[in-house]
Amino acid sequence: MSVNISIKDLVKKYGDTTVIPELSLEIKKGEFFTLLGPSGCGKTTLLRMLAGFNSIEGGTIHFNDRVINQVEPGKRNIGMVFQSYAIFPHLTVKGNIAFGLENRKLSKAEIASKVDEILKVVQIEQYKDRMPKNLSGGQQQRVALARAIVIRPDVLLMDEPLSNLDAKLRVDMRNAIKDIQREVGITTVYVTHDQEEAMAVSDRIAVMKSGIIQHLGTPQEIYQRPANVFVATFIGRTNIINGCLTKEDGHYHLHFGVEYVEELTNVQLPASEKQTTLDVKISVRPEEFIITEDNTGIKATIVHSVFLGQNTHYFVDLESGQRIEITQESKTTHILEPGQIVFLKVKRDKINVYDATGELNYTRGGQL
Ligand SMILES: Nc1ncnc2c1ncn2[C@@H]1O[C@H](COP(=O)(O)OP(=O)(O)OP(=O)(O)O)[C@@H](O)[C@H]1O
Ligand SMILES: [Mg+2]
């Protein structure tokens, strides 16, 4: 059975240092939920609080209607997978997976049937009699995953489970984890600092900084309408350009310096904002620039280019001296040369406009 997790005003302190100040969060039954953020932001700390390995200095954690603050780790019915596989070297694959079931007073036949079933789910049946040292990293991690889910936990917790694997295997394994989670339907809390991995596997993501959730949303929401400049720069790549936003007769105009102005219809200012000219930070992802042939737009100079097959990546200097990055679909004809002057426009429905502090996104909605 899987559960809803309800976290309310949760506080974690180490001595006098508060690592998580009053965090609240609802994770839905069966959801694949990811905690994403830079090193030291509190991801592992929060996961360990869910598991019962960390004390709780304030607030509550519910699994469905039950407060689990005081419940011992062994009684929370949790499956865990860590970065290090932590499988028993002296037991075979089968032995490792059966281990958690043997404490549960099941008959030998029941254990064998459950182990066989999970071996199929994680696709390691052919290795069931091998010792862990004779398995690859990816295969060992499948054993760790099988061992965590065979007990039918209410919650599956995973802390950077793929970070010891090479790049290709990481992609294969993240797809496998997503498929397996969908099949077994366990509420899953997944920790990573790899934003692409988070987007690939998650139903929803919480982006954290210093123990505080900065943005909670679907991968698409977080990528396309990041709540603040921190989230915009942490998820994917982006360029932050200073500009100004003017409001006249209900129309909003975005000024990139003096030479380029775009009208935006998807901007909403707080009702309290009375100024008609505001300094803003504009987030333009590399793929949201258009390099134009005509002489209008933001004037820029090509510094160098990297051909990546489908796309070409350009590093470009603006007249202000700011260096920005642009990706364009590669053409069969030519690549722009260093020193060449170009003019840039933006895909105005995609860019994001923030207040001068970078904390508030003025842009709304998907389409213009
Ligand atoms: N046992 C501890 N005692 C004191 N401080 C700790 C302890 N464990 C973690 N911290 C501190 O708490 C903060 C959050 O650590 P945590 O391990 O949760 O980060 P993380 O987001 O998992 O980072 P990473 O991506 O590097 O694994 C860090 O500043 C860390 O130094
Ligand atoms: Mg960690």
Legend entry - Rounded to the nearest 20 debye, dipole of region 4-156 from Cβ charges on Lys, Arg, Asp, Glu: 460 debye
Inset, instruction - Report the full-extension gain for the segment residue 249 to residue 341: residue separation times 0.36 nm, less the Cα-Cα distance, to one decimal in nm. - result: 29.6 nm
Inset, instruction - Tell me the label-point distance for the pair residue 164, residue 110, using the 7 Å Cα-to-Cβ offset, in nm and rounded to one decimal. - result: 3.2 nm
Inset, instruction - Could you tell me which of 324, 313, 363 has its Cα farthest along the dipole of region 298-368 towards the positive end, charges placed at Cβ (Lys, Arg +1; Asp, Glu -1), taken about the Cα centre? - result: 363
Inset, instruction - With a ≥ b ≥ c taken as the square roots of the eigenvalues of the C-alpha gyration tensor of region 15-131, please select rounded if a/c is under 1.5 and otherwise prolate if a/b is larger than b/c or oblate if it is not? - result: prolate
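Nearest 500 deg cm²/dmol is fine: what mean residue ellipticity at 222 nm does the chain get from its DSSP H runs of n ≥ 4 alone, each adding -39,500 (n - 2.57), divided by its residue count? If you can, show how the numbers build up before the last one.
On the way: 8 runs with 83 residues, N = 368.
Mean residue ellipticity, 222 nm, calculated: -6500 deg cm²/dmol.
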Legend entry - Vicinal HN-Hα couplings computed from phi for region 68-76 (Karplus, 6.51 cos²θ - 1.76 cosθ + 1.60; Hz; Gly/Pro x): 10, 3, 9, 7, 4, x, x, 9, 8
Legend entry - Cα gyration tensor category, rounded, prolate or oblate, for region 171-230 with a/c compared to 1.5: prolate
Inset, instruction - In nm, give the distance between the simple-model label positions of residue 287 and residue 179, each being 7 Å from the Cα along the Cα-to-Cβ direction. - result: 2.4 nm
Legend entry - Alpha-carbon spread of region 5-232, three principal axes, descending order, Å: 51, 39, 30
Legend entry - Relative contact order [Cα under 8 Å, 6+ residues apart], region 103-255, whole percent: 13 percent
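What's the magnitude of the charge dipole for the chain around its Cα centre, counting Lys and Arg as +1 and Asp and Glu as -1 at the beta-carbon? Answer in Debye, nearest 20. Let's see the in-between values first.
Working: 43 positive and 45 negative charges, 357 e Å.
The dipole of the chain has a size of about 1720 debye.
How much of the DSSP bridge set in the chain is antiparallel, in percent, rounded to the nearest 5?
Of the beta bridges lying entirely in the chain, close to 80 percent run antiparallel.
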Inset, instruction - Just rank 154, 116, fewest to most, by other beta-carbon atoms within 10 angstrom. - result: 116, 154
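Using only Cα atoms, figure out Rg for region 233-355 and give it as a multiple of 2.2 N^0.38 Å. Don't skip to the answer; put the middle values down first.
Values: Rg = 15.4 Å, N = 123, 2.2 N^0.38 = 13.7 Å.
Computed over Cα atoms of region 233-355, the ratio equals 1.13.
Readers should treat all values here as calculations from the given coordinates under stated rules, not as data from a laboratory. Quick caveat: nothing in here was measured; it's all calculated off a predicted structure. For neighbour counting, all protein chains shown are included, and Cβ atoms are generated from backbone atoms with ideal geometry for every residue, glycine included.
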